[in-house]
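Structure, as structure tokens:
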Amino acid sequence: MTPLRFKDAMSQQYYATAPASTSAKAQRSDWWRDAVIYQVYPRSFADSNGDGMGDLEGIRTRLPYLRDLGVDAVWLSPFYASPQADGGYDVADYRAVDPMFGNLLDADALIRDARALALRIIVDLVPNHSSDQHEWFRRAVEEGPGSPLRDRYHFRPGKGESGELPPNDWESIFGGPAWTRVADGEWYLHLFAPEQPDFNWEHPAVGDEFRSILRFWLDMGVDGFRIDVAHGLVKAEGLPDLGSHEQLKLLGNDVMPFFDQDGVHEIYRQWRLILDEYSGERVFVAEAWTPTVERTANYVRPDELHQAFNFQYLSTAWDAEELRGVVNRTLEAMRPVGAPATWVLSNHDVTRHATRFANPPGLGTQIRTAGDRELGLRRARAATLLMLALPGSAYIYQGEELGLPDVVDLPDEVRQDPAYFRGAGQDGFRDGCRVPIPWTREGSSYGFGGGGSWLPQPAHWGELSIEAQTGDPSSTLELYRTALATRRTQPDLGAGDSVEWLRAPEGVLAFRRGEFVCVANTSGESVTTPAYGRLLLASGEVAEVDGDAKVPADTTVWWTTA
Ligand code: NOJ
């Protein structure tokens with residue numbers, strides 16, 4: 001077969017018919033309450049100029065694919081000017097596009113085209129830290145101790161006789177101390193890589209700058225912001241020691257002196273006022289890792305942010321009891337603040353869920369083994385139908401609609417994740433979920449672009465491509481397309497803030513929402529349940545006999561009683 005080129009991949013044959021109600025939904029003022037939001041990791045989505053790196057033009061030309069997939073909005077991970085020490089989460093200029101991704105005109109064209117297709121655009125905002133190449137930080141270092149610019153970051157003298165020890169015992173999330181010493185002897189704080197110095201949010205210039213950056217992108221026409229490390233901006237007064245060498249164990253389980261401090265909420269109240277000045281119901285979503293869903297709910301009180309990622313859900317095993325528990329806790333926590341629940345299974349920081357579910361539970365969200373791929377995919381498909389049946393908003397990470405596994409065997413020399421190089425950090429293996437996605441069966445980078453790809457794609461990637469899966473009713477891509485189209489036509493999917501649990505065999509979740517019923521069999525055995533009505537969709541083969549349904553292991557079924 002002749003290799004397909006980038007332009008060919010754009011042809012209609014890869015796109016299903018557009019869902020009828022796309023634009024009606026986009027115009028609803030509360031569109032975000034039940035929106036399905038697709039995360040694009042710009043480096044790895046589509047490369048328009050053949051340099052092996054994805055870019056904004058690549059994304060723009062493939063927006064029709066996303067519209068036809070049936071999502072409501074696209075969240076773009078950072079594409080700003082950056083030395084790329086952490087895949088763009090180290091921003092040197094918040095108002096510029098990195099040349100590797102294009103320029104501001106490309107961003108403008110992307111935002112406009114998305115609007116024409118009734119897709120919303122959410123951009124990433126990185127307010128906890130900048131790049132060490134940000135002008136403020138470079139000058140702060142150059143000007144030396146006493147420079148007023150040092151107050152915009154956390155510079156401190158060290159401890160010990162000659163200041164040779166870090167100012168406190170905090171560790172970087174990526175491993176190693178959270179402090180780096182500059183040539184003149186002072187230390188600066190970085191909760192992530194040394195190339196990502198933390199801003200000091202007590203300094204008024206920092207707040208002023210970010211309010212201005214918000215306006216810059218709102219004026220460009222974006223529909224919202226995903227706030228990176230939303231829980232980290234404010235540090236406990238005096239930067240006190242943690243007093244524990246078990247920081248990694250405490251993270252996410254306890255309030256830390258550098259995370260989830262109550263002071264962050266005042267920042268978001270101010271930001272909300274700015275957002276509400278703009279027309280079009282624009283939104284904020286918080287990346288806030290907190291110890292409990294109740295603390296996550298604090299970020300989405302009516303005068304703060306709109307949504308927060310539900311990492312408790314992402315971290316839950318494929319187990320009916322555990323899933324029921326996290327769904328209940330989430331809905332209960334969100335109800336009093338009136339915010340929609342959110343659901344997410346994968347993103348650019350965790351092992352893809354097709355691989356997580358292929359491995360035994362309890363290994364966390366960074367897994368280095370392929371596990372049982374067939375089992376993982378079966379569970380991933382079932383988990384997706386469960387997620388899309390829950391009330392609230394759902395996030396999809398690029399490539400999960402293809403059932404992509406993590407690439408667990410990347411050679412060490414191609415890895416780029418700074419967390420990998422810093423060793424013991426919790427996030428050490430994130431490159432595996434960032435491998436460029438396959439668009440076509442063949443071609444040098446399976447249609448990702450005309451050249452290579454910045455991380456090598458596995459040999460079997462073509463079979464998983466959008467081209468290979470399109471039109472195959474048994475494919476994961478067609479399952480996503482049908483599920484998303486069904487979600488638009490079934491009013492009970494996504495809406496509301498509660499579920500009515502139905503009695504179900506062990507290992508099975510069953511719930512009703514109006515005329516809609518979802519049954520998810522997480523057990524390793526097939527089970528018999530009532531056939532609740534007309535079968536809408538299933539992630540596996542379901543047999544109906546005399547009013548009963550035989551639901552295979554690791555399968556989710558959608559029914560309607562209408
Ligand atoms: C969370 C982002 O999702 C991750 O990719 C990044 O490394 C850290 N924040 C630091 O910005």
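The values are calculated or read from the model by the stated rules, or taken from the named source; none is laboratory data. Nothing here was measured: the structure is a model prediction, and the numbers come from that model. Because the Cβ atoms are built from the backbone with ideal geometry, glycine has one as well, and the counts that use them run over all protein chains shown. We work out accessible area using only protein heavy atoms, side chains counted, and drop any ligands, DNA or RNA first. Shrake-Rupley method; radii C 1.70, N 1.55, O 1.52, S 1.80 Å.
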The range 219-235, subset among the charged types (D, E, K, R) and more than 16 Å from the ligand (Cβ to nearest atom), residue most open to solvent (accessible area, probe 1.4 Å) | Asp219
Among the residues of the range 88-107, is there at least one that is within 15 Å of the ligand (Cβ to nearest atom) and open to solvent by 20 Å² or more (accessible area, probe 1.4 Å)?
-> yes
Do you know which residues across the range 126-160 are assigned to a helix (DSSP H, G or I) and open to solvent by 80 Å² or more (accessible area, probe 1.4 Å)?
-> Glu135, Arg138, Arg139, Glu142, Glu143, Pro148, Asp151
Subset of the range 284-299 that is away from the ligand (no atom under 16 Å from the Cβ) and polar (S, T, N, Q) - its residue that is surrounded by the fewest Cβ atoms within 10 Å (Cβ to Cβ) | Thr292
Qualifying positions in the range 534-550 - within 35 Å of the chain's Cα centre (by Cα), within 19 Å of Leu502 (Cα to Cα) and surrounded by fewer than 14 Cβ atoms within 10 Å (Cβ to Cβ) = Arg534
Which fully enclosed helices (runs of 4 or more DSSP H) of the range 195-304 have 3 or more residues being in contact with a strand residue (DSSP E or B) (Cβ under 6 Å, 6 or more places away or on another chain)?
-> 204-220
Could you list, in sequence order, all residues of the range 53-67 that are among the acidic types (Asp, Glu) and open to solvent by less than 10 Å² (accessible area, probe 1.4 Å)?
-> Asp55
Residue hits (the range 101-156; among the polar types (S, T, N, Q) and over 24 Å from Val229 (Cβ atoms)) are Asn103, Ser147
Return yes when Asp372 is in contact (Cβ under 8 Å) with a residue 12 or more places away in the chain, touching a helix residue (DSSP H, G or I) at 6+ places or on another chain (Cβ under 8 Å) and more than 28 Å from Arg513 (Cα to Cα) and no when it is not.
-> no
Would you check if there is a residue in the range 517-526 being charged (D, E, K, R) and more than 25 Å from Ala495 (Cβ to Cβ)?
-> yes
In the range 155-179, the residues that are touching a strand residue (DSSP E or B) at 6+ places or on another chain (Cβ under 8 Å) and within 16 Å of the ligand (Cβ to nearest atom) | Trp170, Glu171, Ala178
From Gln84, Gln39, grab the single residue that is within 16 Å of the ligand (Cβ to nearest atom) and open to solvent by 10 Å² or more (accessible area, probe 1.4 Å).
-> Gln84
